[in-house]
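Q: Handing you a structure now.
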Amino acid sequence: MQVAFHDIVGNQCVRRITDDGWFPGEDVKSAGPVEGTAVLRRTAVDQVDVTGTLSVPVEAPCGRCCRDVRLVLDIEFFYRCIVGEDEAGTLQEMECREEDSQTQFLTEPVVDLGALCREQVLLALPARILCSSECKGLCQQCGADLNQGSCSCQPSTDTGPFAALKRLKDNKDRNH
Ligand SMILES: [Zn+2]
Ligand SMILES: [Zn+2]
């Protein structure tokens, strides 16, 4: 999904975004077709501004109970694509303005829409995915899904990774 600067006729063009080859990546499971639109605007001889929206259905395991959760990432993005080197001077100037943090420097006058979209999907993924904020997770002793009901394990405060070791040691001490 690459757009060469010279393909942008009349200084602006609109591209429909589909999941042709750039998605899903290794870290994300697709859960339906991607929908999106990108508007590419030639704002200078060596500069193209890309404004876009993306709707990406993905599937990922709940961080507590491991069940697959389906979520739709709704993304709006802006990139300023400039042909040339990332010169230190311009970068410092740009840090003052939030919107310019999405500046891409290109080695040739071609915008790789797929790469921009892939980056946006990774940025939009929540750090911690939960099936619900109420998710009770799995029992740390028997692995039962506590959303389905409680298990017969005794509630224990010793659930850390060293609890089992400590129990072993306690038994040993008792035998002496
Ligand atoms: Zn869950
Ligand atoms: Zn249990």
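Q: Can you say whether Thr53 is farther than 16 Å from Arg118 by Cβ and not in a loop (DSSP other than H, G, I, E, B), as far as the supplied structure shows?
A: In short, no.
Q: Moving to a separate point now. Out of all the residues in region 23-38, is one or more over 17 Å from the mean Cα position of the chain (by Cα) and open to solvent by less than 50 Å² (accessible area, probe 1.4 Å)? Give the derivation first.
A: Of region 23-38, the ones over 17 Å from the mean Cα position of the chain (by Cα) are 37-38.
From what is left, the residues that are open to solvent by less than 50 Å² (accessible area, probe 1.4 Å) are 38.
The answer is yes, given that some residue of region 23-38 is over 17 Å from the mean Cα position of the chain (by Cα) and open to solvent by less than 50 Å² (accessible area, probe 1.4 Å).
Q: OK, next. Are there any pairs, at least 6 apart or on different chains, whose C-beta atoms fall under 6 Å, with the first in region 122-141 and at positive phi and the second in a loop (DSSP other than H, G, I, E, B) and surrounded by 14 or more Cβ atoms within 10 Å (Cβ to Cβ), and if so, which?
A: Cβ pairs passing all conditions: Gly137/Arg64; Gly137/Cys65.
The values are calculated or read from the model by the stated rules, or taken from the named source; none is laboratory data. Given the structure is predicted, the values throughout are model-derived calculations rather than measurements. A quick note on method: Cβ atoms are made from the backbone with ideal geometry, for glycine too, and the neighbour counts reach across all protein chains shown. Side chains are part of the model used for accessible areas, which takes the heavy atoms of the whole protein and leaves out ligands, DNA and RNA. Shrake-Rupley method; radii C 1.70, N 1.55, O 1.52, S 1.80 Å.
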